[in-house]
Amino acid sequence: MLLEQYKEAIENSNIVSKTDTAGFITFVNDEFCKISGYSKEELKGKNHNIVRHPDVPPSKFKELWDTILDKKTYKTTVKNLAKDGS
């Protein structure tokens with residue numbers, strides 16, 4: 001019960017996405033959809049680059065993937081691109 005409350009609190013206060021090792025989206029929460037303007041159906045199975053803002057340098061994504069593939073936690077603030085271009 002308590003674990004479920006923590007999960008709900010995190011999902012309601014953060015945008016959350018999960019990908020496979022190739023970068024294809026396997027999960028997004030409602031907050032991610034709200035901010036991006038995409039539905040879960042539009043995002044699942046798509047490469048995470050669908051929301052990549054052109055201002056974010058490729059080196060940031062290399063750092064992200066190197067960290068994840070090393071089985072470490074990667075935390076940062078990312079600038080994404082919404083469906084409407086904002």
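For the range 34-77, the set of residues classified as touching a residue at least 12 places away in the same chain (Cβ under 8 Å) and not in a helix (DSSP H, G or I) consists of Gly37, Tyr38, Lys44, Gly45, Lys46, Asn47, Arg52, His53, Pro54, Asp55, Val56, Thr76, listed by residue number. Looking only at residues of the range 19-60 that are open to solvent by 90 Å² or more (accessible area, probe 1.4 Å) and touching a helix residue (DSSP H, G or I) at 6+ places or on another chain (Cβ under 8 Å), we find that the one that is nearest to Ser86 (Cα to Cα) is Asp30. Consider only pairs whose beta carbons are under 9 Å apart and that are at least six residues apart or on different chains; among these, list those whose first residue lies in the range 3-18 and is open to solvent by 90 Å² or more (accessible area, probe 1.4 Å) and whose second residue is part of a loop (DSSP other than H, G, I, E, B). That search, which allows pairs on different chains as well, returns Ile10/Val16; Ile10/Asn29; Asn12/Asn29. If you filter the range 61-81 down to residues that are charged (D, E, K, R) and surrounded by 10 or more Cβ atoms within 10 Å (Cβ to Cβ), you find that the one that is nearest to the chain's Cα centre (by Cα) is Lys79. The set of residues from the range 6-33 being out of contact with any Leu (no Cβ under 8 Å at 6 or more places or on another chain), assigned to a helix (DSSP H, G or I) and not hydroxyl-bearing (Ser, Thr, Tyr) comprises Lys7, Glu8, Ala9, Ile10, Glu11, Asn12, Asp30, Glu31.
The values are calculated or read from the model by the stated rules, or taken from the named source; none is laboratory data. Please read all numbers here as calculations on a predicted model, not as lab measurements. Glycine gets a Cβ as well: all are built from the backbone with ideal geometry, and neighbour counts include every protein chain shown. Accessible surface areas use protein heavy atoms only, side chains included; no ligands, DNA or RNA. Shrake-Rupley method; radii C 1.70, N 1.55, O 1.52, S 1.80 Å.
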